[in-house]
Structure formats: structure tokens, C-alpha cells
Amino acid sequence: LDDSVGEQQLREALEAVGAPLPEALRGRLGSPCAVGGASAAEGEVLREVLAQVEDVLPEHRPLGSAAPSPDASLGHPLRGVSVYHLGSDMLRDVDAVGLGPQSRVYEVEPVVIRPRGEKVRCPRDGLPGAAYVDAVTGVDHAGPATFMLSYTWGYTIGDIVDSLSAFCERERLNQKSTYVWMCALCINQHQVMAASSAKESDDLVRTESVPFDHFRQEFGDRVNGIKHVVALMAPWDAPLYVTRVWCVFEMYTADEMDVKVTIIMPPREEDALRANLRKDRQGASDVIRKLGAIDVQHAQASVPRDRECILDLVAKGPGFDQFNHTVGRHLQNWVVDTSENYLQSMFDSGTATVDPEFMLLCENVNKLLRQMRHTKRATDIVEKALSLMEQSDCPLTVDRANMYRQIGIARREKAQFDAADKAFAEASRIHEATNTMESAEGALVLLNWGINKVELDELDGASNTFACAWDIARRLDLAGTNVGGLLHRWSGILSFKQGHFAKAASEAGEAMDIFRRTGYGVGVELLFEAGQAREQTGDFEGALEALEEARAICESKKCSNEDRRRRIET
């Protein structure tokens, strides 16, 4: 197999022609080896594959032909450094100057990155001083970029290398033929320093002397040329990435240009996320809410002028609400998908158990999926968990009651109200049998059971069930929490159905106050309910205020629920 075509390039070419990568070649691509080193069968399969992709992969050399110059991409604007080089040569150079993996990019740049090309003539302009990537030779070390890394110079070299190595392992990419375009290594830092006396910078290494429009144009060309942006996030629960205006602008631009976006994190951060999912009932959900509330207007840049220009572009283009929603959605999906993949891997490998930590993991992933409106995927998770518990004949526990509650919620969301009622009844029975009804979990079972009774129009039953839930919430001091907010909201819906409109309006107002105070957020449905109730009491100004706020949320998030939009407009 010729070493100019790695597995990633061949996969993408095959995808372009709608053909799969043959099983015989998986794991064999991307490492330099002569055709004679492959079996006859592999050689034949390879010839067939290359014939399929000849039109979309014009630069591959015919089998058996002479190898290209190891520096064929030297000076090319999309030339990148291999992941192998970063983890070997670069880390050795970092150690040699007394730094280490914990050193940040802005610390490494002046003593390792810039000096590498100091005595090299730049192949792009012929002047003394080259970019790091143009001072690196050999196809194992540099070549046409596989993807562009979106990151901040505040990240450590160790985190960058570990994240990229883990990504290559997960995607079965050869590190020697996977090339990364990184601004610190691929922009000529000698030119940057010559243009300004600035000592440090981050993001796209901007200086006051380099025009913003020039950097923006180059960035757009780069994204469009490479067509794959890999964004590095760390720490998982408060990424430094979202605090840098260039980073969030890069992600939005990649989305707008419809190129592939992949989010990765250091292995230790992935471990931290997994530990949180197994031990913290609220942590991941709180992070999802925080990422959904990202605001580019709070992000910073090393060069103030850059920040002003980017914010001006956003204001004149998509607007801040749409920009924030697009970036926030990417980040939220990253956390949810990573969490779901972790749980699914345990089911698939047979390592799933009925211990409390695993049950909490199932509950948390189910909750994250429901937060992001992935109802079917959430239901699949709780169905599997419940099946596992029943097969294991595990004792009656709070975890089992919680799982029945989640099953009830999933079935209610699918309008299977009778089946949901049975699930809530079973959860309640388990709490009674284990003397755990007097708990937050017990209050949540009664809350959700009451909601289901409202949906079934069993209004008296719902009223009694809510009353029991309120008693527990007050005794446990939960009335001012989100549990209390949900009880207020559904008590308001029940009151509206009973024709008690003043009480319905009051309950909706209490719910909104609690959700705003806790940061849970006031949703469109609650605002619509408040508007309806206020209208029935004659408070038309209050009704209009609530409905206009609901409409604004719909418009800012480009709500696709046409029925909801029509109801609000009406």
C-alpha cells in the first residue's frame, strides 16, 4: 500500500462514492509498506478499492510506482504535523528545554516552536524563519492536513497529545499519516513576531499589525480546504474553549460551512465525566444546562480588536441568540453522545451490572437524552436497564424504583398513559416496601404519577397525589427547588383544567420564579400556560408579556415545532 494514502483519506474517498471500506483492509491502511508486503488477496482488494475512488482521490500514486518526495507538501498552506511527531519529537524537545507535558502552548511556543524554524528559509515567501511545520521533514512527521485542531493556547501540550492519540486509536487512524493543522505550528511565528512586538497570543495568533479580515479569510479558506474541524474541550465540565471568542467562532464557522465537526477531550477528562455519571445525580445535567447557556459576548480574545470584529460579525449575521444556540447545541450533543456511548459500550460488552453506580449511570444518561429531546434513545436505555434488573432478580431498592419512574416518564412522553400509570404504581410500591417514600425520589414518583393522572383526566386522583408530593417536599425543604417548581407548574395545569384560573396563574408564576432562581430555565410551554391562565383572569397585559417571551424563545432557537408556534401566535 502506498504511504501517500492513509486510512482516513481512503475512508473519506470511499464515502464520497458511496462504497464501504472492505474488512480485509481495516487496520492495514496508513502505514508505509510495499505492495509486496500485502497478501495477494489484500493486493487484489486494494486495487479494486483504488479503482473505485480514482476520480475523487486523484493524487494517489499507482501501485508499484515511485514514492513521492517526502516533502511534497512543504510550504503548502494546509500542511500539518503528524500526531506521531507531536507525541515523539515535540515532547522530547519540550523536555529538553526543561518543560514538560503540563506546559501550556504559550509557554512552549517561544522556546520550542519558534526556534525550530529559526534557521530555516521559509518555503512560502523565501525569507529567513519558517513555520514549525515547514522545519519538519519526512512523511511520518508532516503532510497534507487530515483535520484542523480548534483549541486555545491555554491548553497543555500533554492534553493535546493525549487527546489526539486517543482520537486516532478510537478511529483506527495511523498516527504517522494523520496530520493536524495547528495554528501554533502551522502559522509562521517569525512573521507574526516581526509584525508586532506582542509577546503572547492565543487562538489564531493574532496581533494588532495583522488585519482581522486577512485572518478571517485565511481561516475560512483553511476550514473549507481541510473540511474537518476537531475541537478540543477541557475540562469537561467547564471547557476553557468556550471562554475564547476565536474558538467559538471557529466552531460556528465550521457548522455554517457544513464541514465535519468532531469534539474530543483528554482521556483523564473522559474518565472524570464517566465517574461523575456514576456518582453524581445532577452534575452532567447541570453542565448540559450551562453549555446551552453559552454566550459569545462573554468570551475573550488576546487582541481586543478581534473580539470587537467577531461580535460585530455575529450581530450583523446570525445574531447572538442563533450563534449561541448553534455552538451550545454542538457542545451539549458532545456530552450526551459521549455519555451514551460509554453506557452502550457496557451493555454491548456484557459488563453492565445491577450495582447502584451502574443504575445511576443509566438514570443520568436517560435524563441527558430526555433533556435533549432524544426520547426514543432515552426509552431504549431504561428498557435495557429494567430488563437487566429483572433478569438479575435484584432486590427491591431505590435504584429499581427510580428505573420504574424513568420507564413511566418515557411511556408518558409516548402518550402510553395506562402503561405509564402501572410503572409509577410499581415505583411507589417499591418505595413503600423499602420505607423510602419520604425522600426526594419518593416525591418525584408522586409528582410524575400525578402528572400522568392529569393526562388521563383523573383530576381528583391527580389532586390527591400532588398533595402527598407537596407534603414530602415541604418536610424535606424541597419546595424552593426544581421539585417544588415542577409541582407548582403541574398544580397550575390541574387548576386550569378544573376551571380555577386565578390559582392556575398564581401557580405558573411561582414555578417561573423558582426556575429562574435555580437556573433551571423557564420553558416555552410554561410561559404559554401562564399566558393562557392570565388571559382567563382578564390580565391581558400579563398574558401578552408571557406569550411574547415564549415567542422570542421559539424564534431565537428556531423552534421546529410548528404546532407550538401556531398556538403561541394564536
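The values are calculated or read from the model by the stated rules, or taken from the named source; none is laboratory data. Computed from a predicted structure; not experimentally measured. Here Cβ is always computed from backbone atoms with ideal geometry, including for glycine, and neighbour counts include all displayed protein chains. Note: accessible area is taken over every heavy atom of the protein model, side chains too, but ligands, DNA and RNA are not part of it. Shrake-Rupley method; radii C 1.70, N 1.55, O 1.52, S 1.80 Å.
Specify the residue that is nearest to Ala352 (Cα to Cα); the eligible residues are those in region 368-387 that are in contact (Cβ under 8 Å) with a residue 40 or more places away in the chain and surrounded by fewer than 23 Cβ atoms within 10 Å (Cβ to Cβ). Ranking the candidates gives Arg370 first.
If you go through region 298-329 one residue at a time, how many are over 20 Å from Glu555 (Cβ atoms) and not in a helix (DSSP H, G or I)? Residues flagged as over 20 Å from Glu555 (Cβ atoms) and not in a helix (DSSP H, G or I) within region 298-329 amount to 5. Cβ-Cβ contacts under 9 Å between residues 6 or more apart (or on different chains), taken from a first residue in region 490-517 that is over 18 Å from Phe466 (Cα atoms) and of a type in the set (D, E, K, R) to a second residue that is surrounded by 18 or more Cβ atoms within 10 Å (Cβ to Cβ) and at pLDDT 95 or above, are listed as Asp513/Gly485; Asp513/His488; Arg517/Gly485. Taken over region 453-465, the criterion of being of a type outside the set (Asp, Glu) and farther than 12 Å from Ile493 by Cα is satisfied by Leu456, Gly461, Asn464, Thr465.
Do the conditions hold for Ala284, that is, is it hydrophobic (A, V, I, L, M, F, W, C), closer than 22 Å to Arg373 by Cβ and open to solvent by 60 Å² or more (accessible area, probe 1.4 Å)? Considered against the rule, which asks whether it is hydrophobic (A, V, I, L, M, F, W, C), closer than 22 Å to Arg373 by Cβ and open to solvent by 60 Å² or more (accessible area, probe 1.4 Å), Ala284 comes out as no. Is there a residue in region 424-431 that is under 20 Å from Ile472 (Cβ atoms) and under 33 Å from the mean Cα position of the chain (by Cα)? For region 424-431, residues under 20 Å from Ile472 (Cβ atoms) and under 33 Å from the mean Cα position of the chain (by Cα): present. Among the residues of region 358-406, those that are of a type in the set (Val, Ile, Thr), assigned to a helix (DSSP H, G or I) and modelled with pLDDT under 90 comprise Thr375, Thr379, Val382, Val398. Annotation note: Cβ proximity below 7 Å between a residue of region 151-179 that is over 18 Å from Val242 (Cβ atoms) and a residue that is among the basic types (Lys, Arg) (sequence gap 6+ or interchain) occurs for Arg172/Arg26. Part of a loop (DSSP other than H, G, I, E, B), at pLDDT 60 or above and of a type outside the set (Ser, Thr, Tyr), is that true of Leu185? No: the conditions fail for Leu185. Within region 102-113, not a single residue is open to solvent by less than 10 Å² (accessible area, probe 1.4 Å), touching a residue at least 12 places away in the same chain (Cβ under 8 Å), in a helix (DSSP H, G or I) and among the polar types (S, T, N, Q). Glu507 meets the conditions (1) crowded, with 20+ Cβ neighbours inside 10 Å; (2) more than 29 Å from Gly283 (Cα to Cα); (3) out of contact with any Leu (no Cβ under 8 Å at 6 or more places or on another chain) in every case but one. The failed one is (2).
Look through region 509-525, keep the residues that are part of a helix (DSSP H, G or I) and under 24 Å from the mean Cα position of the chain (by Cα), and return whichever of them is farthest from Ala543 (Cα to Cα). For region 509-525, the residue satisfying everything is Thr518. So, Glu441, is that one under 15 Å from Arg405 (Cα atoms), of a type in the set (D, E, K, R) and in contact (Cβ under 8 Å) with a residue 40 or more places away in the chain or not? Spelling it out, Glu441 is indeed under 15 Å from Arg405 (Cα atoms), of a type in the set (D, E, K, R) and in contact (Cβ under 8 Å) with a residue 40 or more places away in the chain.
Residues in region 154-178 that are more than 21 Å from the chain's Cα centre (by Cα), buried (at least 19 other Cβ atoms within 10 Å of the Cβ) and assigned to a helix (DSSP H, G or I): Ile157, Gln175, Lys176, Ser177.
Taking the criterion of being more than 20 Å from the chain's Cα centre (by Cα) and part of a loop (DSSP other than H, G, I, E, B), the residues of region 140-153 that qualify are Asp140, His141, Ala145, Thr146, Trp153. Within region 240-268, the set of residues being out of contact with any helix residue (DSSP H, G or I) (no Cβ under 7 Å at 6 or more places or on another chain) and surrounded by fewer than 21 Cβ atoms within 10 Å (Cβ to Cβ) comprises Leu240, Thr243, Glu256, Asp258, Lys260, Thr262, Arg268. I need the full set of residues from region 337-353 which are among the aliphatic types (A, V, I, L, M) and either touching a Phe, Trp or Tyr at 6+ places or on another chain (Cβ under 7 Å) or surrounded by fewer than 20 Cβ atoms within 10 Å (Cβ to Cβ) (or both), in order please. Across region 337-353, the qualifying residues are Met346, Ala352.
Residue-wise test of (1) open to solvent by 60 Å² or more (accessible area, probe 1.4 Å); (2) under 29 Å from Ala299 (Cβ atoms); (3) at pLDDT 95 or above; (4) part of a helix (DSSP H, G or I).
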residue	(1), (2), (3), (4)
Gly80	no, yes, yes, no
Tyr84	yes, no, yes, yes
Asp89	no, no, yes, yes
Arg124	yes, no, no, no
Gly138	no, no, no, no
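Just for region 449-493: of the residues that are outside any loop (DSSP other than H, G, I, E, B) and polar (S, T, N, Q), which one is surrounded by the fewest Cβ atoms within 10 Å (Cβ to Cβ)? Applying the filter and picking the extreme gives Asn464.
Reported count of residues in region 211-268, each being closer than 16 Å to Met182 by Cβ, among the acidic types (Asp, Glu) and either touching a strand residue (DSSP E or B) at 6+ places or on another chain (Cβ under 8 Å) or at pLDDT 95 or above (or both), is 1. Looking across region 394-425, the residues that are β-branched (Val, Ile, Thr) and open to solvent by 40 Å² or more (accessible area, probe 1.4 Å) come down to Thr397, Val398. The residues of region 532-555 that are open to solvent by less than 50 Å² (accessible area, probe 1.4 Å) and either under 34 Å from the mean Cα position of the chain (by Cα) or in contact (Cβ under 8 Å) with a residue 40 or more places away in the chain (or both), listed by number, are Ala533, Ala546, Leu547, Ala550, Ile553, Cys554.
Is it the case that some residue within region 494-504 is in a loop (DSSP other than H, G, I, E, B) and under 35 Å from the mean Cα position of the chain (by Cα)? Checking region 494-504: not a single residue is in a loop (DSSP other than H, G, I, E, B) and under 35 Å from the mean Cα position of the chain (by Cα). The set of residues from region 224-237 being within 25 Å of His298 (Cα to Cα) and either buried (at least 21 other Cβ atoms within 10 Å of the Cβ) or under 12 Å from the mean Cα position of the chain (by Cα) (or both) comprises Val229, Val230, Ala231, Leu232, Met233, Ala234, Trp236, Asp237.
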